[in-house]
1. Let me know the Rg and Dmax you get for the stretch 22-61 when you use only its Cα atoms, in Å.
2. Using mean Cβ contacts within 10 Å as the protection proxy, how do 16-28, 52-64 order, highest first?
3. How many percent of all Cα-Cα pairs in the chain sit more than 16 Å apart?
Amino acid sequence: MGRVQGAEEGALLRSAEEAGYAVFLTVDAGIRYQPTLSGLRIAMIVIRRSTNRMEELRLLVPAILKVLGS
């Protein structure tokens, strides 16, 4: 999936929130600087790793689920 930017990112998060999603996971450390995010109630988890390769990110799933209380 490609990078989503600016207003598109805000629209994506609003749609997710409206669909009932409670949490948004991202590797975009700069997301907190997006002006289109104000007023959203969806929680965001920013995953910080030295790489964003799926093989590496999959290793974090157990820890993420634990944090989310699943």
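Computed from the coordinates by the stated procedures, all read-outs in this text should not be read as laboratory data. Computed from a prediction, not measured in an experiment: that's the story for all the values here. Heads up, the Cβs are rebuilt from the backbone with ideal geometry, glycines too, and the neighbour counts pull from every protein chain shown.
1. When restricted to Cα atoms, the stretch 22-61 yields Rg and Dmax of 11.6, 33 Å.
2. Those peptides, ordered most packed to least, come out 16-28, 52-64.
3. Result: 52 percent of Cα pairs exceed 16 Å.
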